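Structure first, commentary second.
What follows draws every value from the coordinates through simple rules; no lab data is involved. Not measured: the values here are computed from a predicted model. A quick note on method: Cβ atoms are made from the backbone with ideal geometry, for glycine too, and the neighbour counts reach across all protein chains shown.
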Amino acid sequence: MPGLAEVRLHLAEEVLPLWHAVQVETRDEDAALPYWAFAWAGGLAIGQYLREHPEAVAGRRVFDLGSGSGLCAIAARRAGATNVIAADIDPFAAAAIELNARANGSRVSVVSRDVLDEEPPEVDVILAGDCWYEAGFAERVLPWLRRAQAAGIETLLGDPGRRYLPIDGLTELAAYEVRTTTELEDLRLKQGRVYALGAAPGFESQSSR
Ligand SMILES: C[S@@+](CC[C@H](N)C(=O)[O-])C[C@H]1O[C@@H](n2cnc3c(N)ncnc32)[C@H](O)[C@@H]1O
């Protein structure tokens, strides 16, 4: 991965042919885009943050919400997380996460159901990389993360300035220029920011690059 040389992912070059293949395979014209076949700017920012601050997850139990390719989950494992669960509602994502975890020699458990109506999991840290690209998902994620925070779970959010993430009440921990794909984004280089909910005693605040 650009900027994350230690993480290896199977990724797509183009979105439309793969989306077409998904539509054919599922016999569903409205099948979700293959988000899992790309490394998103928010997830790349979290990956870089964990590389610079492994202490944020080292020796801890981590839950990666909206895991997609498994990028943040794998980065957490590489940073020393003891247990990592990757959650994504897209069944193709589950396969991609397993494949990518194997390519990195990383052990990651996968959850394919929608957990946002459940109590937050029993973990120490929740990662949410690029979960604010669409209104319906975005408006469910923050309340759930707030419940997790109230239960004592630390949260790390990664986002490149999408309109559905209100940043009031978030603590910015770091900003990175990340290289993503114009298949999904207007620009190849994006400013990916990493935030914690509220004050973040466990995370070291800084801005780099
Ligand atoms: C933009 S992608 C980000 C993937 C990855 N975190 C990254 O940064 O590369 C968002 C992912 O969230 C997943 N997603 C959407 N709604 C979800 C939900 N309710 N629970 C879990 N995952 C969800 C999508 O399937 C998609 O894979």
* When the residues of region 93-109 are filtered to those that are crowded, with 20+ Cβ neighbours inside 10 Å and among the hydrophobic types (A, V, I, L, M, F, W, C), which remaining residue is nearest to the ligand (Cβ to nearest atom)? -> Ala93
* Structure fact -> Here the residues within region 108-147 that are assigned to a loop (DSSP other than H, G, I, E, B) and among the aromatic types (Phe, Trp, Tyr) are Trp132, Tyr133
* Asked: Take the residues of region 94-107 that are free of Cβ contacts under 8 Å to residues at least 40 places away in the same chain and not in a helix (DSSP H, G or I): which is farthest from Ala148 (Cα to Cα)?
  -> Gly105
* Name the pairs: first residue in region 146-172 and polar (S, T, N, Q), second residue assigned to a loop (DSSP other than H, G, I, E, B) and surrounded by 15 or more Cβ atoms within 10 Å (Cβ to Cβ), Cβ to Cβ under 6 Å, at least 6 apart or on different chains? -> Thr171/Ala200
* **Wholly enclosed helices (runs of 4 or more DSSP H) of region 1-89 bearing at least 3 residues more than 13 Å from the ligand (Cβ to nearest atom)** => 16-26
